């Protein structure tokens, strides 16, 4: 049932001896939307703590994945474009705060992908593991390459290729590889109630 059908479905129920019109479908939907958002927020906080705690994640060639990118994109494919943007911005800000970069880089990058993934999932593309991996295939290399360009290449000259291959490439592959875990977690969370 889409939003228009939910909004058009009105029921009446006597309250205190009078008849009042109320959309019970919308209040039911709102209740579960709030629960789903709270669970998504708890997941973001938990993953942020895991990502920021040394020794919690195994290293791949000395690099750890950026789990919150996978969380943001997989939440977005199960949400609307606005929800995708909000959660992507929160994930991006959590990454920015926990890293020593300029505040807002990851937030801006993830907002774009959160909007696009949410918009396409609602309007054009069926949500499944293939589409989630597609969005991660676009997001991870682009975000991390831009991070490399702005925060390493511009400031350092020489040996950029070696640094990229040694540090950024393992991080990209590792982040991409953990995406299915978050896809299935967020799919289960998105089934708590009707989609917003």
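The values are calculated or read from the model by the stated rules, or taken from the named source; none is laboratory data. Since this is a predicted model, take the numbers as computed values, not measurements. Glycine also receives a Cβ, built like all others from the backbone with ideal geometry; neighbour counts cover every protein chain displayed.
Return the total of residues in segment 117-127 being under 16 Å from residue 70 (Cβ atoms) and either exposed (fewer than 14 other Cβ atoms within 10 Å of the Cβ) or without any contact (Cβ under 8 Å) to a residue 12 or more places away in the chain (or both).
Counting residues in segment 117-127 that are under 16 Å from residue 70 (Cβ atoms) and either exposed (fewer than 14 other Cβ atoms within 10 Å of the Cβ) or without any contact (Cβ under 8 Å) to a residue 12 or more places away in the chain (or both) gives 0.
Can you run down the residue pairs with Cβ atoms below 6 Å, 6 or more apart or on separate chains, where the first is in segment 70-82 and at positive phi and crowded, with 24+ Cβ neighbours inside 10 Å and the partner is at pLDDT 90 or above and part of a helix (DSSP H, G or I)?
Listed pairs, sorted by first residue: none to list.
Please determine whether any residue of segment 44-51 is touching a helix residue (DSSP H, G or I) at 6+ places or on another chain (Cβ under 9 Å), assigned to a loop (DSSP other than H, G, I, E, B), surrounded by 15 or more Cβ atoms within 10 Å (Cβ to Cβ) and modelled with pLDDT of 75 or more. Quick ask: steps written out before the conclusion?
Looking only at segment 44-51, we keep the residues that are touching a helix residue (DSSP H, G or I) at 6+ places or on another chain (Cβ under 9 Å), and these are 44-45, 47-48, 50-51.
Remaining after also requiring assigned to a loop (DSSP other than H, G, I, E, B): none.
No, segment 44-51 has no match at all.
Give the residues of segment 102-119 that are in a helix (DSSP H, G or I) and over 14 Å from the mean Cα position of the chain (by Cα), sorted by residue number.
Within segment 102-119, 105 is the sole residue that qualifies.
Considering only segment 57-71, I want to know if a residue exists there that is under 15 Å from residue 147 (Cβ atoms) and part of a helix (DSSP H, G or I).
yes
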